[in-house]
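Below is one structure, written out as structure tokens, with a few remarks after it.
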Amino acid sequence: MIVREWIDLIKDVLAGGDYPQEIKGKHHPEIIRRHLAIVHNYLIGKVAYPEAVRSGDLGFLDVYAKTFMGIAIQEDSQRDEKFCELPTSYLPLPMNRGIRIVSPEQSQHEPFLYRNNNTSRIFSNLDVSTAYSEGRYYIEGDKLYFSSVPYGVIKLLIKMIVPFDKLDDLDEVVFPSGYGKIVSDMVIQSLMGKPPQKFVNDNNSETR
């Protein structure tokens, strides 16, 4: 389901349910969007990410990512480094895993590798730095800086897990496996001023 459909669904649930009148009066789309954001971001950070770590396959997180293409590589002449500006913010996960892939626009199979921006000196002093030719990037604020960029590459593809409040109305939204049917309950709980909490997983697949 897309963002707009989720908002409409919550509006319908509120209109038809046996909820306090003060809650029914809080169903302006922008208010629902804000509370959907709380629930969505909570479930990815507290459910999807730990499950991916436990499984040993962080690739499971890719289903939550949004793809951006045509991101221009720029030159920082003062620092003599190439960089790009992130198209939007990303969900803060450990080790910046909210950024799923950064690659040349036409070569997704040759992604840049992430490194901590405090390890550049250590890495450059290791023999491994000359043994491997993969480009690497590090994150500084809302920019990505690159150790090297293949010749002729001027545009990038970036996949990121975007916070719900940064999604467009027509963007697809994926919730963790088994939580699709109870998202509305969690949103209503949030509207009532209660913090999100885990509900029982109903063993369904990822819900879009």
I need the phi-derived Karplus couplings for the range 100-112: 6.51 cos²θ - 1.76 cosθ + 1.60, θ = phi - 60°, integer Hz, Gly and Pro marked x. 8, 7, 10, 8, x, 4, 9, 9, 5, 7, 10, x, 6
Just add up the charged neighbours of Glu81: K/R +1, D/E -1, any other residue whose Cβ is under 11 Å from the Cβ of Glu81. -1
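Bear in mind these aren't lab numbers, they're just calculated from the coordinates by the rules spelled out. Please read these numbers as outputs of a predicted model, since none were measured by experiment. In this analysis, Cβ positions are derived from the backbone assuming ideal geometry, glycine residues included, and neighbour counts consider all displayed protein chains.
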